[in-house]
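Below: one structure, written as structure tokens.
The values are calculated or read from the model by the stated rules, or taken from the named source; none is laboratory data. In this text the structure is predicted, and so the values were computed from the model without any measurement. With ideal geometry, Cβ positions are generated from the backbone for all residues, glycine too; neighbour counts draw on all protein chains shown.
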Amino acid sequence: MLYLRSVLFNVAFYLCTFVQMVIYTPFYFLLPRKKAWIVPKTWARVNLWLQKHIAGTDHVIEGLENIPQGGYICAPKHQSAWDTYAFLPHLDDPVLILKRELMRIPLFGWYVAKMRMIPVDRGSRVKALNSITEGAKQALAEGRQVLIYPEGTRRTPGAPPEYKYGIVHLYTSLNVPVLPIAHNAGLYWPRRKFLRYPGTIRCRILPPIPPGLSKEEFLRRLIEVTETACDELLVAASRDPNPPPMPPTAKRRLKELGA
């Protein structure tokens, strides 16, 4: 049953994504950019509905009251494809930092370009940082939210944190709050696997970290609050009546936590 539901969800996910892009294209590209957000936010809600009713994977989000108004840096933990769209319905006008290659995908790339995301060439670290910073400054001046994954790539639940310099550079350059987001989606939608495990993804939006801290203090606080919350959500999942399979990194971390 697990394999069948996973296959059905994956088929429905990609098929619905394609069908929605085709159906919404005239409507999407004729609307003003900000109003056009109704399309990707609807897409995100459809995906969450499909995941709940086909794969049996629901989700809960705590701390919505911690989301600030206006411009800020949104810094979610990156464990799964789930966290690339699950927060969209709760953000006003986000701008994502993404690989430039994604802009070259037919139709999808046009959708991304409409929302004026920040594409990055990852060949040169200095050029990439400068490009991100300039794009983020422009987005914040418009009251948008800059979404960046502090570790850069997906990390397996329980794996030791590997936060990159990019989030520190943005924090010190932009002088805006940073909103940390912790979750355990990687337990239910693992990276590089097609299986989708039933259960409830737990997500916690944490209080914003204010601007003005030193680089060292900001990074220490970001790691501490995010990883502490991720540990708590990992332990909670392990104590569910029917917990998802724990990867080796999660098992080691649970053992370290005495859980």
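Summary table below
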quantity	calculated
Any hit, region 72-82, residues being more than 18 Å from P180 (Cβ to Cβ), buried (at least 19 other Cβ atoms within 10 Å of the Cβ), touching a residue at least 40 places away in the same chain (Cβ under 8 Å) and not polar (S, T, N, Q)	no
Test: R202 is closer than 18 Å to A86 by Cβ and assigned to a loop (DSSP other than H, G, I, E, B)	no
Region 58-69: number of residues that are polar (S, T, N, Q) and either on the phi > 0 side of the Ramachandran plot or in contact with a strand residue (DSSP E or B) (Cβ under 7 Å, 6 or more places away or on another chain) (or both)	1
Single residue of region 155-166 satisfying the filter (buried (at least 20 other Cβ atoms within 10 Å of the Cβ) and not small (G, A, S)) that is nearest to A237 (Cα to Cα)	P157
Sole residue being among the hydroxyl-bearing types (S, T, Y), closer than 16 Å to R202 by Cα and out of contact with any Asp or Glu (no Cβ under 9 Å at 6 or more places or on another chain), chosen from Y85, Y24, Y28	Y85
Qualifying positions in region 39-69 - more than 25 Å from P244 (Cβ to Cβ) and of a type in the set (A, V, I, L, M)	V39, I67
Residue in region 118-136 that is in a loop (DSSP other than H, G, I, E, B), touching a helix residue (DSSP H, G or I) at 6+ places or on another chain (Cβ under 6 Å) and at pLDDT 95 or above present	no
Residues of region 33-67 satisfying the condition of being of a type outside the set (V, I, T), under 27 Å from R116 (Cα atoms) and surrounded by 14 or more Cβ atoms within 10 Å (Cβ to Cβ)	A36, W37, P40, K41, W43, A44, R45, N47, L48, N66
Hits in region 205-235 - residues which are without any contact (Cβ under 8 Å) to a residue 40 or more places away in the chain, in contact with a strand residue (DSSP E or B) (Cβ under 7 Å, 6 or more places away or on another chain) and part of a helix (DSSP H, G or I)	R221
The listed residue being in contact with a Phe, Trp or Tyr (Cβ under 9 Å, 6 or more places away or on another chain) and more than 18 Å from A75 (Cα to Cα), out of P248, P244, P211	P244
Test: L96 is touching a residue at least 40 places away in the same chain (Cβ under 8 Å), of a type outside the set (F, W, Y) and in contact with a Lys or Arg (Cβ under 9 Å, 6 or more places away or on another chain)	no
Selection within region 148-194 - closer than 22 Å to A55 by Cα, assigned to a loop (DSSP other than H, G, I, E, B) and not charged (D, E, K, R)	T156, P157, N184, Y188, W189, P190, F194
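Okay, residues lined up against (1) within 24 Å of P94 (Cβ to Cβ); (2) at pLDDT 95 or above; (3) touching a strand residue (DSSP E or B) at 6+ places or on another chain (Cβ under 6 Å):
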residue: Y3; (1), (2), (3): no, no, no
residue: C16; (1), (2), (3): yes, no, no
residue: T25; (1), (2), (3): yes, no, no
residue: L30; (1), (2), (3): yes, no, no
residue: K34; (1), (2), (3): yes, no, no
residue: A44; (1), (2), (3): yes, yes, no
residue: W49; (1), (2), (3): yes, yes, no
residue: K52; (1), (2), (3): yes, yes, yes
residue: G56; (1), (2), (3): no, yes, no
